[in-house]
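Just so it is clear, none of the values below were taken in a lab; they were calculated from the coordinates. What you see is a predicted model; the values in this text were computed from it and never measured. Note that we place each Cβ from the backbone using ideal geometry, even for glycine, and neighbour counts take in every protein chain shown.
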Amino acid sequence: MVTRTEHRDRSGCPVACALDIFGDHWSLLVIRNLMFTDLHEYKDMLKSEEKISTNILTARLKLLEGEGLISSTPHKESQRRKLYYLTQKGKDLVHIMTSIVFWSQKHLYEFLDIPNEKEEFLKLGPEVFVQKTLEKLEQWEKENIT
């Protein structure tokens, strides 16, 4: 099994180094949850359609937090619960995530099940999609991060 830093130790290739973070099945889905689907709690991420296991979710949250892509804050309702959110470094992935969404919409449309309200959002085009996504994240932070 490739360790998390193996590519960084062997290669200066930007793609190889990024794969140390995103080269697994789950990391981009955790980022998707925080960026596009308003899932900010551990328990809510566990309920997503992909059915991530508890140990994998815990590991990915720790990895992404350790890499500075996400952070957490105590939940307003209970200090025992956490809310996860994207840092600026994580938000900088919005263009990559948007490109993946639009590529999938173009090439994998027969497999997709996009809710109607999200479909309308996509019709605005990539630039507006990015802008609206960042605005939504900023609003969430104002409401939830103290």
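Computed quantities for the displayed model
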{"quantity": "Estimated inter-spin distance, S78 and K43, nm [label 7 Å along Cα→Cβ]", "calculated": "0.5"}
{"quantity": "Stretchable slack from E50 to E6, in nm (0.36 nm times residue separation minus alpha-carbon distance)", "calculated": "13.1 nm"}
{"quantity": "For V101, V15, order by how many other beta-carbon atoms lie within 10 Å, fewest first", "calculated": "V15, V101"}
{"quantity": "Under 19 Å from K123, Cα to Cα: aspartates and glutamates that are on another chain or at least 8 residues apart", "calculated": "E110, D113, E135"}
{"quantity": "Region 6-144: relative contact order in percent, alpha carbon pairs under 8 Å with at least 6 residues between", "calculated": "19"}
{"quantity": "Choice from L93, L19, L69 showing the highest fluctuation, given a GNM over the chain with Cα pairs closer than 10 Å", "calculated": "L19"}
{"quantity": "Ascending count of other beta-carbon atoms within 10 Å, so fewest first, for E135, E6, E67", "calculated": "E135, E6, E67"}
{"quantity": "Neighbour-count order for D20, D44, fewest beta carbons within 10 angstrom listed first", "calculated": "D44, D20"}
{"quantity": "22 Å Cα-Cα threshold exceeded, pairs from K62/K91; K43/K89; K76/K132", "calculated": "K43/K89; K76/K132"}
{"quantity": "Answer label, with mean projected area of the Cα convex hull in nm² calculated from the coordinates and candidates [x] 11.2; [y] 8.8; [z] 10.1", "calculated": "[z]"}
{"quantity": "Student exercise, the chain dipole from Lys, Arg, Asp, Glu Cβ charges, in Debye to nearest 20", "calculated": "400"}
